[in-house]
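Asker: What follows is a structure written as structure tokens; I'll ask about it next.
Values quoted throughout were computed directly from the atomic coordinates according to the rules given, and no laboratory measurement underlies them. None of these values were measured; they are calculated from a predicted model. When we count neighbours, we look across all protein chains shown, and the Cβ atoms used for this are built from the backbone with ideal geometry, even at glycine.
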Amino acid sequence: MTMPNFLIIGAAKAGTTALYHYLQQHPQIYMSPHKEPRFFALVGEEINFQGPGDKTRFRFVTDIDSYRALFDGVSDQIAIGEASPWYLYVPQAGERIKHHLPKVKLIAILRDPVARAYSNFIHALREGLEPLEDFAQAMAAEEERINQNWSYRWHYKQKGFYYGQLKHYFDLFDREQIKVYLYDDFITDPISLLKDIHRFLGVDDNFVPDLSHKHNVSGIPRSHLLDQFLIRDTRLRRVLTPLLPSKTLREQLTNKLMKLNLRPKPSLEAEVRERFRQEYREDILKLQDLIQRDLSKWLVGSNQ
């Protein structure tokens, strides 16, 4: 039975959704139709997450047969993959991947950890799930939330300590199996980054996907009800299908409506940003030695 030969392992809120959709366009690449099965993060575990929306907003795949079924649609594609950003963060995931897929290729995209945490917070606010409207307060509440078994989506701060997470994978797998990219590179030159990934996966690197659609656009909805209707309610799809038979046109209209409903993302106060940046400083310095990339920009910081 077919299993993936590459995985996008994270980090969350670092462009993995966009990367999933761009790779999905390549005729030689098959991506799991369920973007985030989170199989290797949760397989064999009794799931009892207690955070807001944890029981209703996630679809988990926790048994091997259901996971394999995600790849039943594979035909002649060369690269077969899925994207579950929890894999980078959840310690057990690496060993489970090694056990099931010892020769798998792994892709990670890393983002300035403060900007990543803030984006994670804004996303939860957008979904109407984050009970605290102040980022610093939400970060301060993280330890208590972890103790109360809120899911990994709420680990805003901890998910940004990339050094230990990534070193764990380097200890388990040959370096040739792992590609690490930076979110800044993905934003500034996505075509070059995608070409490199295509070469890494052994597919035609001359293929250029349509990058016009922006995925997971940040912002706070003016109306949470409308936002959730546009994202999850199937009634709009049923109305639009006879009028716009093209799935692409339906998605473009829905995305345009979603953007019109968004208020600009509030900026993060410089004092708060700098406070958390200092907490990440040592980890960033170790990480840049591990991946041999200059991360000085993260030490100065921005609100990207």
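Asker: Could you pull out the GluC sites (Glu not before Pro) across region 1-109 that fall in loop regions by DSSP (anything but H, G, I, E, B) with no more than 16 other Cβ atoms inside 10 Å?
Answerer: E45, E46
Asker: Of the cross-linked pairs K13/K297; K35/K55; K35/K297; K195/K297, which ones have a Cα-Cα span greater than 21 Å in the structure shown?
Answerer: Correct reply: K35/K297; K195/K297.
Asker: Going by Cα centres, region 1-57 and region 137-181 are how many Å apart?
Answerer: Between the Cα centres of region 1-57 and region 137-181 lies a distance of 16 Å.
Asker: With the cut-off at 1.5 for a/c, could you classify region 1-160 from its C-alpha gyration tensor as rounded, prolate or oblate?
Answerer: Details: a/c = 2.08, a/b = 1.67, b/c = 1.24.
Cα axes put region 1-160 in the prolate bin.
Asker: Mind listing which trypsin sites (Lys or Arg not before Pro) in region 15-87 are in a DSSP loop and have 10 or fewer other Cβ atoms within 10 Å?
Answerer: Passing sites in region 15-87 are R59.
Asker: Hey, what do the phi angles of region 51-60 turn into as Karplus ³J(HN,Hα) couplings, whole Hz, using 6.51/-1.76/1.60 and θ = phi - 60°, x for Gly and Pro?
Answerer: Whole-Hz 3J(HN,Hα) from phi for region 51-60: x, x, x, 4, 8, 10, 9, 10, 10, 9.
Asker: Counting other beta carbons within 10 Å of each Cβ, put H21, H168 in order, fewest first.
Answerer: Lowest to highest Cβ neighbour count: H168, H21.
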